[in-house]
Amino acid sequence: MNSVRSQDTPLCPRCGSAFDCGRHAQPFECWCQAMPVLPSGKLDAARGCLCPECLVAEIAQAAQEAGRAGPA
């Protein structure tokens, strides 16, 4: 069965999955607002939004990397 997706439905640049994104909603109401913020070094606006599963994985990876770095 083929799934039909709207031109406005984003695809995750990390895994290729289609997902719902609220960034164009008025008022802005996206599920990602409830997530912890990624460090600025992990953000890439050109890459686009991640799906919920990939964002959780990126947040976990960033937290793990921050823990390995230890105190400055």
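The values are calculated or read from the model by the stated rules, or taken from the named source; none is laboratory data. Values in this document were obtained by computation on a predicted structure and should not be read as measured data. Reconstructed Cβ throughout: ideal geometry from the backbone, glycine too, with neighbour counts over all protein chains shown.
Taking the criterion of being exposed (fewer than 13 other Cβ atoms within 10 Å of the Cβ), within 17 Å of residue 45 (Cα to Cα) and modelled with pLDDT under 85, the residues of the stretch 14-27 that qualify are 23, 24. Taking residue 14 as the residue in question, decide whether it is in a loop (DSSP other than H, G, I, E, B) and free of Cβ contacts under 8 Å to residues at least 60 places away in the same chain. Spelling it out, residue 14 is indeed in a loop (DSSP other than H, G, I, E, B) and free of Cβ contacts under 8 Å to residues at least 60 places away in the same chain.
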